[in-house]
């Protein structure tokens with residue numbers, strides 16, 4: 001049975017669609033912390049291509065092992081607690097497709113705001129139209145939302161929409177500098193719909209934020 005509550009990383013590297021988007025948001029030679037860095041692939045790419053000074057925090061022991069084998073500065077720990085870094089210790093704090101999996105997302109965002117001038121956060125969009133339709137017509141947890149897992153084997157414990165996140169940013173006094181909706185449109189009409197109505201047609205979204 002597939003279970004993603006405790007990721008078991010079995011490959012030394014991975015490539016995700018949002019990596020290039022996040023990398024384009026970061027200035028060269030910046031300092032960053034990758035919170036929930038997984039196998040360290042994003043951190044490794046940033047070091048190689050952007051010449052950043054970076055470190056990470058990860059809870060999965062297999063993820064930490066792979067990161068350390070790559071020579072990355074990654075420590076084990078939770079990210080939704082008070083973090084052991086001073087105010088503005090980093091230029092960027094990144095949390096890539098992980099915020100929906102932590103117990104206290106509000107503490108995570110508060111700490112990201114405290115330790116970094118800019119925050120980059122990505123997450124699956126619960127309001128994606130296929131999720132809405134599946135809940136409406138089948139009355140079951142949507143497959144697109146669970147990414148192949150079941151409701152009882154998924155680590156996604158805090159589902160949110162793009163609208164939810166934008167409202168939360170206002171409460172946390174975070175200014176949205178850029179937001180990029182993610183899907184894989186195969187024609188111009190679908191691309192236009194995704195950009196025009198991201199909360200309805202985007203599977204995932206990446207936000208670049210700044211302290212207000």
Does at least one position in segment 91-113 carry a residue that is over 19 Å from residue 156 (Cα atoms), in contact with a strand residue (DSSP E or B) (Cβ under 7 Å, 6 or more places away or on another chain) and either at pLDDT below 95 or outside any strand (DSSP E or B) (or both)?
-> yes
In segment 172-186, which residue that is touching a helix residue (DSSP H, G or I) at 6+ places or on another chain (Cβ under 8 Å) and in a strand (DSSP E or B) is surrounded by the fewest Cβ atoms within 10 Å (Cβ to Cβ)?
-> 175
What number goes with the only condition from (1) touching a residue at least 60 places away in the same chain (Cβ under 8 Å); (2) within 22 Å of residue 44 (Cβ to Cβ); (3) surrounded by 23 or more Cβ atoms within 10 Å (Cβ to Cβ) that residue 74 does not pass?
-> (1)
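Yes/no matrix, rows are residues, columns are (1) surrounded by fewer than 14 Cβ atoms within 10 Å (Cβ to Cβ); (2) under 20 Å from the mean Cα position of the chain (by Cα); (3) modelled with pLDDT of 95 or more:
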{"position": "138", "(1), (2), (3)": "yes, no, no"}
{"position": "170", "(1), (2), (3)": "yes, yes, no"}
{"position": "188", "(1), (2), (3)": "yes, no, no"}
{"position": "191", "(1), (2), (3)": "no, no, no"}
Out of the residues in segment 148-168 that are modelled with pLDDT under 95, surrounded by 14 or more Cβ atoms within 10 Å (Cβ to Cβ) and within 15 Å of the chain's Cα centre (by Cα), state the one that is nearest to residue 112 (Cα to Cα).
-> 158
Got a sec? Which of 24, 45 is in a helix (DSSP H, G or I) and surrounded by 13 or more Cβ atoms within 10 Å (Cβ to Cβ)?
-> 45
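The values are calculated or read from the model by the stated rules, or taken from the named source; none is laboratory data. Note that the structure is a prediction, hence the values are computed from the model and not measured. We place every Cβ from the backbone using ideal geometry, glycine too, and count neighbours over all the protein chains shown.
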